[in-house]
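J.: Provided herewith is a single structure, encoded as C-alpha cells, for subsequent inquiry.
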Amino acid sequence: MTNRPNDRDFLDPQVVSRLRGLPLVARKLMLGSVSGRHSSPHRGASVEFAEYRKYVPGDDLRRLDWRAYGRSDRFFVKEFEADTNLRLVFVLDTSASMAFGSGPLSKLDYAKRIVATLGYLAIEQGDAVGLFCVADQIKGSLPASRNASHLSVLFDTLEQTQGEGETRLADVLHELAETVRQRAWIVVLSDFFSDPESLRDCFEHLRFRNHDVSAFHLMDPEEICLPIERPTRFVDMESGATLFAEPAEIADRYDREVRDYLESIKRVALETEVDYQFVSLDMAYEKVLTQFLLGRIQGRGGR
C-alpha cells in the first residue's frame, strides 16, 4: 500500500512514517474476513503449530504427519493457528468537556490525532477501522472497513466533529457492547468524567463480549493541577452550572480529589483488563503512541 497521509491538521506524515515500524497487534483472538497478522480462534495453515487431531476422510493429505504415523501407526493432521485481520473500532467522546484545552490543543483535538494516526496505520496493514462519536448518546458512526478510500471518510468525519452535549459514556459503552457484535479491538478516547464503578460495569460488559479494550484517558494539565490563584467563577462546559470559589481554600481538597479519581480509574482499568493509557495534553502524542504500540507488542502473549 503506497497511500500518503492526507493533508489534515490532525495527521502528521512524519509521525506516521516513524511509527510504521511498530505494528498494531491484538491481545485477544480476532475474527476477520481476510488473512492477516492477528491470531484467530479458527484453525488454518499459518506458520505457528497449534495441535494434532485425528485424520478424517476429506482432510488435506499434505497436512498428514508421517512421523506421528510411524510412531503410532495412526494418521494425525497438523493444525496451525490461523491469522486474520482485526476490526479496530474507535469510540471518541465528543461531549462538551472534550472541547477544553488550556494550550494549543483541546482534548478532542488531541484525541483526533490519536484516532487519525492509529487508523491510518491499521488500514495500511490491512485491518478494518470503524468510528463511533459519542456523548449522551451515539452521535455518529462509521462502519468498519479496510478499504484505503475509507481513510478519507474517517478523516472527513473527524474534521466535522465538535465537542458538544453532556456525557453519558457508561450507558453508551453498554449499548456499544451489544451493537458491535463481532469481536473487535475497541479503543475508547475520553476524559472519563464518569463514576469509576459505572465504568467498571461497562468495561466488564465489553470484555464479556470478547472485545479487546484500550482506553486513552485525556486530561488538560490545568485539570490535573489547579493553576488559578484569584477568586474565580467556574462554569461546567456540559450543564452550564456555575460555581464561585476561592482557589486557595479548595486547592488541597481539589488535588486530593483528582488524585483519588485518577487512582480509581486506573484501578478499574487494571481489574477489568483494559489497556489503560493516561495522557496529559502537554505530552507529545508521538511519544504516547510509541509507548502504547510498544506496550501492545510486549504484552501480546498475555491475551
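Values quoted throughout were computed directly from the atomic coordinates according to the rules given, and no laboratory measurement underlies them. Just so it is clear, the model here is predicted, and its values are computed rather than measured. When we count neighbours, we look across all protein chains shown, and the Cβ atoms used for this are built from the backbone with ideal geometry, even at glycine.
J.: Roughly how many debye, to the nearest 20, is the charge dipole of the stretch 258-303 about its Cα centre, given +1 on each Lys and Arg Cβ, -1 on each Asp and Glu Cβ, and no other charges?
T.: 200 debye
J.: Note down the magnitude of the dipole of the stretch 208-279 about its Cα centre, charges +1 on Lys and Arg C-beta and -1 on Asp and Glu C-beta and zero elsewhere, to the nearest 20 debye. Each step should come with its number before you reach the end.
T.: Working: 8 positive and 17 negative charges, 17 e Å.
It works out to roughly 80 debye.
J.: Of the GluC sites (Glu not before Pro) in the stretch 192-255, which ones lie in a loop per DSSP and count no more than 11 other C-beta atoms within 10 Å?
T.: Numbers: sites: E197, E204, E222, E223, E229, E238, E249; in loops: E229, E238.
Sparse-neighbourhood loop GluC sites (Glu not before Pro): E229.
J.: Along the charge dipole of the stretch 201-303, Cβ charges K/R +1 and D/E -1, which of T232, Q277, A248 sits furthest on the positive end?
T.: Ranked along the dipole, the leading option is Q277.
J.: When a footprinting reagent is the concern and you count Cβ atoms within 10 Å, what order do I186, I297 take, fewest first? List each step's numbers first, then the result.
T.: Numbers: I186 26, I297 12.
Result, fewest neighbours first: I297, I186.
J.: Please sort by residue number the trypsin sites (Lys or Arg not before Pro) in the stretch 120-193 whose DSSP state is loop and whose Cβ has at most 14 other Cβ atoms within 10 Å. Can you show the working numbers first?
T.: Numbers: sites: K139, R146, R168, R181, R183; in loops: R146, R168, R181, R183.
Those satisfying the criteria are R181.
J.: Moving to a separate point now. Using Cα centres only, tell me the gap between the stretch 231-293 and the stretch 93-117 in whole Å.
T.: 14 Å
J.: Here is a follow-up. About its Cα centre, what dipole magnitude does the stretch 179-303 give when the only charges are +1 on Lys and Arg Cβ and -1 on Asp and Glu Cβ, stated in debye to the nearest 20?
T.: Numbers: 16 positive and 24 negative charges, 186 e Å.
Charge dipole, the stretch 179-303, about its Cα centre: 900 debye, nearest 20.
J.: May I ask you to sort L158, L281, L294 by Cβ crowding, counting other Cβ atoms within 10 Å and putting the fewest first? Working shown, then result.
T.: Details: L158 25, L281 22, L294 11.
Listing L158, L281, L294 from fewest to most nearby Cβ atoms yields L294, L281, L158.
J.: Sorted from fewest to most neighbouring beta carbons within 10 Å, what does the list Y110, Y261 look like? Show your work: numbers first, answer last.
T.: Numbers: Y110 24, Y261 15.
Final ranking by Cβ density, sparse to dense: Y261, Y110.
J.: Right, something else. List the residues, sorted by chain then number, that are 5 or more residues from K139 or on another chain and whose placed amide H is less than 5 Å from its amide H.
T.: Here the answer is C133, V134, since their amide H atoms fall under 5 Å of that of K139.
J.: Taking R0 as 41 Å, what's the FRET efficiency between D236 and D156 from their Cβ-Cβ distance, rounded to 0.05? Before the final figure, lay out the partial values.
T.: Numbers: r = 31 Å, r/R0 = 0.75.
The pair D236/D156 has a calculated efficiency of 0.85.
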